[in-house]
């Protein structure tokens, strides 16, 4: 599974491609497969996202789980305090461990 990520131009938030646009919630991310390279080129050129890139991920019951530790940390938000992280979009999501 391949998913696309980048940073929101206005806020700097980590965002994930959800099939129609960019979401702050990784559980909304969809598999971009082989179309990922073209997608991120178009989105960056349109100035909708900063430094987009495609990563490997594994499907899980809570949504995609990034394969690399760096992106798992990015998905959960700042590491300086529990109150600053990204809250899952749904109550059951977000149970995988970094």
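Here, each number is a calculation from the coordinates, and none is a lab measurement. Given the structure is predicted, the values throughout are model-derived calculations rather than measurements. Glycine also receives a Cβ, built like all others from the backbone with ideal geometry; neighbour counts cover every protein chain displayed.
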- Normalising by the residue count of segment 2-84, find the relative contact order in percent from Cα pairs under 8 Å and 6+ residues apart. 29
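Can you sort 25, 68 so the residue with the fewest Cβ neighbours within 10 Å comes first? Please report the intermediate quantities before stating the final value.
Details: 25 19, 68 11.
If I rank by nearby Cβ atoms, fewest first, I get 68, 25.
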- Message: Give me 11, 5, 37 sorted ascending by neighbouring Cβ count inside 10 Å, so fewest comes first.
- Response: 11, 37, 5
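By counting other Cβ atoms within 10 Å of each Cβ, how are 3, 73 ranked from fewest to most?
Values: 3 25, 73 14.
Ranked by crowding around the Cβ, least crowded first: 73, 3.
Give the calculated FRET efficiency between residue 70 and residue 44 to the nearest 0.05, with a Förster radius of 30 Å applied to their Cβ-Cβ distance. List each step's numbers first, then the result.
Details: r = 20 Å, r/R0 = 0.65.
After rounding to 0.05, the efficiency reads 0.95.
For segment 2-84, compute Rh as the Kirkwood radius over C-alpha pairs and then the Stokes-Einstein diffusion coefficient at 25 °C and 0.890 mPa s; write the answer in µm²/s, rounded to an integer. Mind dumping the intermediate values first?
Values: Rh = 12.8 Å.
The calculation lands on 192 µm²/s.
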